[in-house]
Amino acid sequence: MQEPKAYIENNKERILNELIEILKIPSISADSAFSHDVIHMAETVEKALQTAGCTYTEICETDGYPIVYGERIKDMNLPTVLVYGHYDVQPPDPLNLWTSPPFEPVIKKTTLHPEGAIYARGASDDKGQMYMHVKALEFMVSTDSLPCNVKFMIEGEEEVGSNSLVTFVKENRKKLANDIILISDTGMIAKDVPSITTGLRGLSYVEVEVTGPNRDLHSGLYGGAVANPINILAKMIASLHDENNHITIPGFYDNVEELTKEERTAMAEAPFDLKSYQDEIGIESVYGEKGYTTNERNSIRPTLDVNGIWGGYTGEGAKTVIASKAYAKISMRLVPHQDWKEITELFSVHFKKIAPKGVTVKVTPHHGGQGYVTPIDFVGYRAAERAYEKTFGKKPIPQRSGGSIPIVALFEEELKSKTILMGFGLDSDAIHSPNEHFGVENYLKGIETIPYFYQYFTEMSK
Ligand code: BES
Ligand code: MN
Ligand code: MN
């Protein structure tokens, strides 16, 4: 194989500009006001796949946003890599905290990225990382070095729960048949510390509504004599953790997989600096479940977090009122063996049970998914390991991530193949936050590493 490095260097400007162009499309799946842009984004991805060398592409309609499919089949006797990614992005708000508009990408130099980082919503999650695969294909096709078959499946609803993809995968097992699934939608430990994500947490996302009186009340006339839904909701939420920050929902930990001492020791060997972790997000101290380290808390332990809470008067000035209703959105990150539907049910039963007289509680499940762990002793992992070694000059560290890509567990169930998570993002990329960015070097390193994965995977599969 020709060196991808030289190809990337020669085409650098164009490879960067193409990403900048697709980052201009506000493909926000959560907000229906942007549905035209989401669809425009799907069409753009299809064209990019065609240009890069897919010989067959298709925009697959679903009940929601379309799934873009593409393939280049060389020989049915060769292995097939299925690339998954998503072209939708998170809403960019709060807009006033962005230093440049979220859909007007610019390259800025930072201390961590002296060569520059692309600032835009979706730069790292996931347009930039998804596009690395398109450009890697372009390199392999144009240098006649694609060693195997490749299929692409790029969806537009990842950030809202991948509902349509579930049906699509179940109905298209044959079309999606593959030997390995390759995803770049996670991160790595540091720019010069490559790692392969070997686990993802599951998720259960619910919304709760607490109702008190049938209308908003004067907080003087009624205050003290009726249950205030906001006070009650706050109390109920507070009771979901005990003094050790364990979750109090009965049965919540029943199926949690406890890691062995050896596994925990191996985890603790990954480079981690608590001080810079704290400094980077501006906190004086970490906080969490007793008995576990920060890296354990954010990867191998389940969590319960309020993502939003509202009700009553939040406008300017003051209004004396007891609201009729209070609401919260709550996410629970789950670990392997916890079943997200079971946990949703346990939460629901418990939350209703702890409600005092004087309020009623409604729990609405949103979406969820199972966690995932990949083994490190199979050809997919070993091929990825060699690819990183080739381009970074060091062995990547296996690392479990705290984030979720719920669809990955379903891939294994339905398509019977394993997933390799080759993420090139960094925690500091600010995904889902204002000022999301993706290092130019991370982006280019990704494009350089992917073709080696194809090469080694094909060789090692023989
Ligand atoms: N790419 C992220 C997940 C991720 C990021 C995993 C970094 C590991 C490291 C994905 O787009 C995402 O945001 N997933 C959601 C879940 C989804 C159901 C909305 C998440 O983790 O909150
Ligand atoms: Mn993502
Ligand atoms: Mn995301």
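A short reminder: the numbers here are calculations on the coordinates, not readings from a lab. Treat the numbers as computed from the prediction; the structure is a model and nothing was measured. As a convention, Cβ positions derive from the backbone with ideal geometry for all residues, glycine included, and neighbour counts pool all protein chains shown.
The table that follows gives values for the structure above.
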read-out: Part-to-part distance (alpha-carbon centres) for region 333-369 and region 1-35, which is given in Å; value: 40
read-out: Computed Rg/Rh of region 240-292, alpha carbon atoms with Kirkwood Rh; value: 1.05
read-out: Stretch gain in nm, segment Asp242-His366, where the contour uses 0.36 nm per residue and the Cα spacing is subtracted; value: 42.1 nm
read-out: Segment Thr294-Lys390, extension gain: residue separation times 0.36 nm, minus the distance between their alpha carbons; value: 31.5 nm
read-out: Local net charge near Gly425, Cβ-Cβ under 13 Å (Lys/Arg +1, Asp/Glu -1); value: -4
read-out: Total formal charge among the other residues, if their Cβ is under 14 angstrom from that of Lys394, Lys/Arg +1 and Asp/Glu -1; value: +2
read-out: Net charge over other residues, Cβ less than 11 angstrom from the Cβ of Ser461 (K, R count +1; D, E count -1); value: 0
read-out: Residues Lys362, Lys394, Lys261 arranged by fewest to most Cβ contacts within 10 Å; value: Lys261, Lys394, Lys362
read-out: Electrostatic dipole magnitude of region 317-393 [Cβ: Lys, Arg +1; Asp, Glu -1; Cα centre; debye, to 20]; value: 620
read-out: Cβ-Cβ FRET estimate between Thr110 and Glu21, R0 fixed at 30 Å, reported to 0.05; value: 0.85
read-out: C-alpha center-to-center spacing [region 128-156, region 382-428] in angstrom; value: 17
read-out: Distance between modelled label sites at Glu262 and Asp305, nm, 7 Å Cα→Cβ extension; value: 3.2
read-out: Calculated FRET value between Arg382 and Glu316, using beta carbons and R₀ = 60 Å, to 0.05; value: 0.50
read-out: Paramagnetic reach from Ile73 (point 7 Å along Cα→Cβ, amide N under 12 Å) across region 26-53; value: none
read-out: Sequence of His246, His86 once ranked by neighbouring C-beta atoms within 10 Å, starting from the fewest; value: His246, His86
read-out: Likely footprinting exposure, Arg173, Arg382, Arg400, fewest C-beta neighbours within 10 Å first; value: Arg173, Arg382, Arg400
read-out: log10 of Debye I(q)/I(0), alpha-carbon scatterers only, for the chain at 0.09, 0.11, 0.12 Å⁻¹; value: -0.63, -0.92, -1.09
read-out: Translational diffusion coefficient (Stokes-Einstein; Kirkwood radius from C-alpha pairs) of region 1-58 at 20 °C, 1.002 mPa s, in µm²/s; value: 162
read-out: Rg and Dmax of region 285-403, Cα atoms only, in Å; value: 21.2, 65
